[in-house]
Amino acid sequence: MLALAIEGLVILGENSQAGQLYPLARELVDTGAVVLWPIFRFTETVAGVAAAAAGQWEAAEDHFQTASRQTESVPHRLEQAEIRRFHAMMLIDRAAPGDREKAQTLLREALESYQRVGMPRHVDLTQTLLARVAEM
């Protein structure tokens, strides 16, 4: 439920509430669990989303990088796309030099994956994020 709560709050724009759950997300990672069943979300992805919501950019980057490495070794194609989308959302919020370009790359890669597997709602979400990046 923690993963669903964090993701849901972020999607709803309630970052401050999602960010408050970051300590619990870190505890989840510390249990050694890698993937949550039945949603097949990586714990490092959850922690990255929560850290980003809390404005803890370096921690979020670390979690997203770890999750990306984990999805390469499994491999878990859908989670790879999700990590790219969530990481791009963090970069958009952070808006540091170079973040715009990196976010665009991540979003284009995620969009391609969502289109390939036929996820129209995720295609729409990603296209909206790409339009937001273009306005930065």
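What to note about this one:
- Residue among Thr66, Thr71 that is assigned to a helix (DSSP H, G or I), within 11 Å of Thr45 (Cα to Cα), open to solvent by less than 30 Å² (accessible area, probe 1.4 Å) and of a type in the set (Ser, Thr, Tyr): Thr71
- Matching residues in region 84-100 - criterion: being over 13 Å from Thr126 (Cβ atoms), touching a helix residue (DSSP H, G or I) at 6+ places or on another chain (Cβ under 9 Å) and either open to solvent by less than 30 Å² (accessible area, probe 1.4 Å) or of a type outside the set (A, V, I, L, M) (or both): Met90, Leu91, Asp93, Arg94, Gly98, Asp99, Arg100
- Of all residues in region 3-32, those being aliphatic (A, V, I, L, M), open to solvent by less than 50 Å² (accessible area, probe 1.4 Å) and in a helix (DSSP H, G or I) number 9.
- Considering residues of region 33-42 that are out of contact with any Ser or Thr (no Cβ under 8 Å at 6 or more places or on another chain) and touching a residue at least 24 places away in the same chain (Cβ under 8 Å) only, the residue surrounded by the fewest Cβ atoms within 10 Å (Cβ to Cβ): Ile39
- Scanning region 101-129 for residues that are buried (at least 17 other Cβ atoms within 10 Å of the Cβ) and under 21 Å from Ala53 (Cβ atoms) turns up Ala103, Leu106, Leu107, Ala110, His122, Leu125, Thr126, Leu129.
- Residue count for region 79-136, restricted to those that are of a type in the set (S, T, N, Q) and either touching a Leu at 6+ places or on another chain (Cβ under 6 Å) or part of a loop (DSSP other than H, G, I, E, B) (or both): 1
The values are calculated or read from the model by the stated rules, or taken from the named source; none is laboratory data. If you're wondering where the values come from, they're calculated on a predicted model, not measured in any experiment. Note: ideal-geometry Cβ built from the backbone for every residue, glycine included; neighbour counts use all protein chains shown. Heavy atoms of the whole protein, side chains included, go into the accessibility calculation; ligands, DNA and RNA do not. Shrake-Rupley method; radii C 1.70, N 1.55, O 1.52, S 1.80 Å.
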